[in-house]
Amino acid sequence: MPTEFFETVNTLVEEELNLYKSLSALVDVEEYRVRASDMEGLLEILRQKQSVISRQEILLERWNEISESLGLSGGREGPAFWNSLSDRIGENGYNQIVAQLNEIKDLGQKLLDREGMIRASLEENLAEMRKTLLKMGRGRVAMKGYSQGIASTY
């Protein structure tokens with residue numbers, strides 16, 4: 001029944017969109033944590049992101065199952081899958097699915113771009129933290145030398 005198959009595919013697309021929206025919210029927090037140099041908070045957000053990514057991988061398996069139900073292998077990659085899907089759910093259903101997938105694609109690209117900016121900011125913060133640590137290390141060596149010098153004069 002085409003309606004039931006459409007509902008299965010549509011539900012899968014909606015779940016995928018919701019996961020991307022969850023990732024977007026986590027990236028907002030990740031950006032804040034990086035700017036605040038909150039490494040502990042950042043690690044927690046990265047754990048949460050990994051959980052969402054794991055759920056995305058499960059969705060990928062479900063896409064593979066849909067591909068197999070269409071008599072194809074290789075998941076949703078390639079025109080054969082999309083042609084078969086269009087034949088199975090009709091033009092209106094297909095257009096609706098494609099519109100949602102385009103929204104996911106756009107959101108995914110925005111997330112990748114933001115992640116790149118966050119990574120650059122994190123690297124910049126890490127470089128500054130390293131400089132601070134080096135200065136602190138040099139200061140400790142200087143203080144130790146100074147302290148030893150004072151002790152040897154008395």
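Just so it is clear, none of the values below were taken in a lab; they were calculated from the coordinates. Bear in mind that the values here come from a model prediction, so they are computed numbers and not experimental data. Because the Cβ atoms are built from the backbone with ideal geometry, glycine has one as well, and the counts that use them run over all protein chains shown.
Projected label points at Glu103 and Ala25, each 7 Å from Cα along the beta carbon direction, are separated by 1.6 nanometres.
Other residues within the sphere of radius under 14 Å centred on the Cβ of Ile45, judged by their own Cβ, net out at -1 (K and R +1, D and E -1).
Our compactness index for the range 1-97, the C-alpha radius of gyration over the empirical 2.2 N^0.38 Å, is 1.39. Computed extension length for Gln50-Lys135: 27.1 nm, one decimal, from 0.36 nm per residue of separation with the Cα-Cα distance subtracted.
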